[in-house]
Amino acid sequence: KIQAGDLDGNGLTDFVVGNLGLNYKYKASKEKPFFIHGKDIDSSGSFDIVLSTYYGDEVYPVRGRTCSSEQIPQVGDDFKTFHDFSIASIDDVYGSELENSIKYEVTEFASVILYQESIGNFTLQRLPFKCQSAPVNGIVIADINHDSKDDLILAGNLYQSEIETGRADFGTGEIVINKGNRKWAALDVHESGLYIDGDVKSLELIKLGEKSELTLIVGNNKGPIELVKILDNN
């Protein structure tokens, strides 16, 4: 999810970027990216997806022998044992097959803010550590505490994953207060009162009913829509 707003008051649009978070088995950095390849390797008529990442200084497949051979049977023929597959690098497994594939690299899984310093020039800043515990799929920018600075409401989770990877379901929603000077504070649940722990895919802030009550509408994948009333404690 990407949401735009002037978060530091310099008159330029900044972007809050929801990402996978840091509480997941996938890791990435500029020095050691996470790789995604796409190609019809086995000539079945559909794209095969190959994920790979660094372990130490070598790049290895992310998915194990069972899942990899179910997608591409030749992998099982080439590597008869799980041990043989476990010590094989991505080049050992796929060789030249990936040379002409579609290839993407990930260098950052954290949810971040992109501050626009001047037109088209941005500085990346990670959101507070509490905001990295789960994927962020919904973002609302609004002044929650009425101090004339825009705050954030975040939510997410990710129930869909390959069988070897457990779902990311630690998220319960976050209210993140803008403290000024590009400093942010994520509230604990007992402070915010926000608890939305489903497979959240979208958030919107609306005014509900004749009284125009500020309400958070939560879209859950394969689940009911939730409404959360925003109380004005001021």
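The values are calculated or read from the model by the stated rules, or taken from the named source; none is laboratory data. Because the structure is a prediction, the values reported are computed rather than measured. Reconstructed Cβ throughout: ideal geometry from the backbone, glycine too, with neighbour counts over all protein chains shown. All accessible areas refer to the heavy atoms of the entire protein, side chains included, with ligands and DNA or RNA removed. Shrake-Rupley method; radii C 1.70, N 1.55, O 1.52, S 1.80 Å.
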(message) Could you list, ordered by first residue, the pairs with Cβ atoms under 7 Å in which the first is in region 164-185 and at pLDDT 95 or above and surrounded by fewer than 19 Cβ atoms within 10 Å (Cβ to Cβ) and the second is among the basic types (Lys, Arg) and part of a loop (DSSP other than H, G, I, E, B), at least 6 apart or interchain?
(response) Gly180/Lys149
(message) Pairs needed: first member in region 7-27, farther than 30 Å from Pro61 by Cα and of a type in the set (A, V, I, L, M, F, W, C); second member anywhere, modelled with pLDDT of 95 or more and not in a loop (DSSP other than H, G, I, E, B); C-beta distance under 6 Å; at least 6 residues apart or different chains.
(response) Leu7/Asp14; Leu12/Gln116; Phe15/Ile2; Phe15/Ala4; Phe15/Leu114; Val16/Gln3; Val16/Ile113; Val16/Ile139
(request) Have a look at Tyr115, Tyr104 and point out the one that is open to solvent by 40 Å² or more (accessible area, probe 1.4 Å), among the aromatic types (Phe, Trp, Tyr) and more than 14 Å from Tyr26 (Cα to Cα). (result) Tyr104
(request) Name every residue in region 131-144 that is in contact with a strand residue (DSSP E or B) (Cβ under 7 Å, 6 or more places away or on another chain) and either surrounded by 15 or more Cβ atoms within 10 Å (Cβ to Cβ) or assigned to a strand (DSSP E or B) (or both), in order of residue number. (result) Cys131, Ala134, Pro135, Val136, Asn137, Gly138, Ile139, Val140, Ile141, Ala142, Ile144
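Here's the yes/no breakdown for (1) at pLDDT 95 or above; (2) surrounded by 15 or more Cβ atoms within 10 Å (Cβ to Cβ); (3) not in a loop (DSSP other than H, G, I, E, B):
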| residue | (1), (2), (3) |
| --- | --- |
| Ile196 | yes, yes, no |
| Lys201 | yes, yes, yes |
| Lys211 | no, no, no |
| Leu216 | yes, yes, yes |
| Gly219 | yes, yes, yes |
| Leu227 | yes, no, yes |
(request) Looking at (1) touching a helix residue (DSSP H, G or I) at 6+ places or on another chain (Cβ under 7 Å); (2) among the hydroxyl-bearing types (Ser, Thr, Tyr); (3) under 14 Å from Ile2 (Cα atoms), find the lone condition where Thr172 falls short. (result) (3)
(request) Write out, first by first residue and then by second, each pair whose Cβ atoms fall under 6 Å of each other, whose residues are 6+ apart or on separate chains, and whose first residue, in region 127-149, is under 24 Å from Asp199 (Cβ atoms) while the second is of a type in the set (Asp, Glu) and part of a loop (DSSP other than H, G, I, E, B). (result) Ile141/Asp150
(request) Only one of these is surrounded by 14 or more Cβ atoms within 10 Å (Cβ to Cβ), in contact (Cβ under 8 Å) with a residue 60 or more places away in the chain and not hydroxyl-bearing (Ser, Thr, Tyr): Leu98, Leu51. Name it. (result) Leu98
(message) Anything in region 10-47 that is of a type in the set (Asp, Glu), in contact with a strand residue (DSSP E or B) (Cβ under 7 Å, 6 or more places away or on another chain), open to solvent by 30 Å² or more (accessible area, probe 1.4 Å) and modelled with pLDDT of 90 or more? List them, or say none.
(response) Asp40
(request) Could you grab me the full set of residues in region 179-231 that are β-branched (Val, Ile, Thr) and touching a strand residue (DSSP E or B) at 6+ places or on another chain (Cβ under 7 Å)? (result) Ile196, Val200, Ile206, Thr215, Ile217, Val218, Ile225, Val228, Ile230
